[in-house]
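The values are calculated or read from the model by the stated rules, or taken from the named source; none is laboratory data. If you're wondering where the values come from, they're calculated on a predicted model, not measured in any experiment. No Cβ is skipped: glycine too gets one built from the backbone with ideal geometry, and neighbour counts run over all protein chains shown. Quick note on the areas: whole protein, heavy atoms, side chains included, nothing else; ligands and nucleic acids left out. Shrake-Rupley method; radii C 1.70, N 1.55, O 1.52, S 1.80 Å.
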Amino acid sequence: MNGDDRRTVAVASFAHGLVHTYELTIPLLIPLWMSTFSADAATIGVVVTVGYGLFGVGALPSGILADRYDTRTLIAASAVGMGAGFGLLAFAPNLLVLTVGLLLWGGAASIYHPTGLSLLSRTVSERGRGLAVHGVAGNLGTAMGPLAVSVLLADLYWRYVAALLVVPGVLIGALTLVVHTDPTGREEVEREDGFRTDLSMASFLSSSKRLFERGFYVIFLLVVLEGLFYRGVLTFLPDVFETAAGSGAVFSGLLRDLSGYLYSGLLLVGVVGQYVGGWLVDRTDPVRGLILVFLCLAGVSTAFATIAADGSWSLVPLSVLLGVFLFGEQPLMQATVADHSSSDTRGLSYGYTYAGVFGIGALGATLAGYVLTRASVASLFAVLATVAVAAAVVSAYLRGRHDGSANTSVSLFNN
């Protein structure tokens, strides 16, 4: 990568890590909010769902903006907006203001993924490597950010911690605007006069039609399955370790004490997965990689279903494999989205992608909770294995459809 590419990747990576730091910090604050505002879990659950819901659903309109406005400006607005949301949380006198703060955070956070990924896919020459570094930064934010917040909460009142979290948002927003990057890079985006400011419903429907005419409906189904698996497995994984510790595992007390660290370790191992996934993007067809990774996730889930009830220490290496495959899939998916969308609908394509992953895919948490309540840990992982197999089948269909289209084109050309 040249200097402009490195600066672009650095700016996007810092912002990506910040998004997931904020996202995974919210659960740490929930018990403290319940105490401060004398609210029960059901009430706080509704309040938090509002913010998380906007985080997912807001990705679609954000994708539209990413195709029409300067992506660096949008990333800066996202970072500063997230910080402002936490600033409002720090001074919230009641649940209403707390809800507004979470809405501000969710709306600002929803801007990032379609905008940042659109920037990287359009401008970075070594796209796979750039996506891998970007994914690693997200994993570091996911694992290390909440860990740092936990340390701060041990000594500081939660309002002070929330106020401190305003600082990185403002700093990264300013850095994004100051650092010079190449606005065109690997792709020259073709737009008609006035296209940047056309935000009408007709323009949205026209862009969506162009996108889905390229077969994006298959991609959308794929990212929904990805989201269902992602939320389904991560939301209750700490509880899985706790259950294993209480099921007769050797040194079960130690396993119970380490369950939180095992969860954080799985997220950190995802760094390796992101790098491997990015490496594969530059060396093979991303869809072929998706088929392999989803089949591996199905195998790991089946193994979890087999041994989870026995509380085996085999859960530890299985968790390592889960982290590698779960996060290694992401650069492959992001590259697949880019390959099946034109440059002028790239932001919109990522908007649909993250609306599917974080919006509809959020139902994976509901599915997991229902299965754990009605059945068992083994049943949950059996269901997740089924979801992974379905994703592998859809990936295979996508690859076959793409190969068929390519062969048809060659045949027509030869005739």
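Would you confirm, using the coordinates I've provided, whether Y370 is among the aromatic types (F, W, Y), over 19 Å from the mean Cα position of the chain (by Cα), open to solvent by 50 Å² or more (accessible area, probe 1.4 Å) and closer than 30 Å to A66 by Cβ?
no
With the checklist (1) out of contact with any helix residue (DSSP H, G or I) (no Cβ under 6 Å at 6 or more places or on another chain); (2) of a type outside the set (S, T, Y); (3) at pLDDT 80 or above; (4) farther than 21 Å from A338 by Cα in hand, flag the one item A10 doesn't pass.
(4)
Mind checking which residues of the range 297-353 are at pLDDT 80 or above, open to solvent by 20 Å² or more (accessible area, probe 1.4 Å) and of a type in the set (S, T, Y)?
Result: T302, T306, Y352.
Among the residues of the range 375-396, write down those that are assigned to a helix (DSSP H, G or I) and over 12 Å from F294 (Cβ atoms). Walk me through how you get there before you give the answer.
Step one: list which residues in the range 375-396 are assigned to a helix (DSSP H, G or I), which gives 377-396.
Correct list: V377, A378, S379, L380, F381, A382, V383.
Can you name the residue in the range 94-117 that is farther than 30 Å from W33 by Cα and modelled with pLDDT of 80 or more and, of all such residues, is surrounded by the fewest Cβ atoms within 10 Å (Cβ to Cβ)?
Result: G116.
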